[in-house]
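For reference, the structure is listed below as structure tokens.
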Amino acid sequence: QVQLVESEGGLVQSGGSLRLSCAVSGFALERYAIGWFRQAPGKEREGISCISRSNSGDGETWYADSVKGRFTISRDNAENTMYLQMNDLKPEDTAVYYCAARYRLDYYYCSGYVPSNGMDYWGKGTLVTVSS
């Protein structure tokens, strides 16, 4: 059974940091492109980061302009877990955060924005609230 389970989000002060994790079961993450998405109140879900995967390792990495330089996506294939390190958090980062994965070995898959329908599997989401 495929499962993606995000760690608990929580309340963070503006300027603070938080690391989200996403534990995967039911498939081997090393053969998947991975991504993080978020949905703010009253807005549509948007992609914020993605890493491609190829036969030789990780491929292109992409970040939305709104998080570039503050957020870092990573994975630990041995632990079958992906991460999103979020630094210098701002109130506008308040959202439900989702991890996602796509079975695709393509170095350039995440060379640009990957929409929601570009992912196969999803976590249920975790709420991150940033106070001003």
### Over the chain, relative contact order from alpha-carbon pairs under 8 Å, at least 6 apart, %
37 percent
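Of the heavy-atom accessible surface of the chain (probe 1.4 angstrom), what whole percent is carbon and sulfur?
Values: 2860 of 6720 Å².
On the chain, the fraction of accessible area on carbon and sulfur atoms equals 43 percent.
Could you sort R53, R31 by their accessible area in this structure, using a 1.4 Å probe and putting the largest first? Could the numbers behind the result be given before it?
Working: R53 35, R31 100 Å².
Result of the area sort, largest leading: R31, R53.
In Å², what does the accessible area per residue of the chain work out to with a 1.4 Å probe? Intermediate values should be presented prior to the final figure.
On the way: 6720 Å² over 132 residues.
Result: 51 Å² per residue.
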### Task
Mind jotting down the distance between the C-alpha centroids of segment 17-45 and segment 61-112, whole Å?
7 Å
### Task
Scan segment 93-125 for trypsin sites (Lys or Arg not before Pro) in coil per DSSP, keeping those whose Cβ has at most 12 other Cβ atoms within 10 Å, and list them by number.
K124
### Query
Quick one: Karplus J couplings for segment 94-110, per residue in order, coefficients 6.51, -1.76, 1.60, θ = phi - 60°, nearest Hz, x for Gly and Pro?
4, 5, 8, 9, 10, 9, 8, 8, 9, 6, 6, 9, 7, 3, 9, 4, 9
### Query
Among V114, G16, A33, which residue has its Cα positioned farthest towards the positive end of the charge dipole of the chain, with +1 placed on the Cβ of Lys and Arg, -1 on the Cβ of Asp and Glu, and the dipole taken about the Cα centre?
V114
### Summary
Of segment 100-122, those with amide N under 14 Å from the point 7 Å along the Cα→Cβ vector of E44 are 114-118
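Hey, got a sec? Which chymotrypsin sites (Phe, Trp or Tyr not before Pro) in segment 45-109 land in a DSSP loop and have at most 14 other Cβ atoms within 10 Å?
Sites meeting the loop and neighbour criteria: Y108.
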### Task
Give a quick list of GluC sites (Glu not before Pro) in segment 26-132 that DSSP marks as loop, anything other than H, G, I, E or B, with at most 14 other Cβ atoms within 10 Å.
E44, E79
### Task
Return, ordered by residue number, the residues of segment 64-85 whose backbone nitrogen is under 19 Å from a label point located 7 Å along Cα→Cβ of V5.
76-84
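What's the local net charge at G118, with K and R +1, D and E -1, over the other residues with C-beta under 14 Å away? List each step's numbers first, then the result.
Details: positive: R45, R53, R102, R104; negative: E46, E60, D106, D120.
Neighbour charge sum, excluding G118 itself: 0.
The values are calculated or read from the model by the stated rules, or taken from the named source; none is laboratory data. Owing to the predicted nature of the structure, the values given are computational and were not obtained by experimental measurement. Positions of Cβ are backbone-derived with ideal geometry, glycine not excepted, and every protein chain shown enters the neighbour counts. The accessibility values were calculated without ligands, DNA or RNA, using every heavy atom of the protein model including side chains. Shrake-Rupley method; radii C 1.70, N 1.55, O 1.52, S 1.80 Å.
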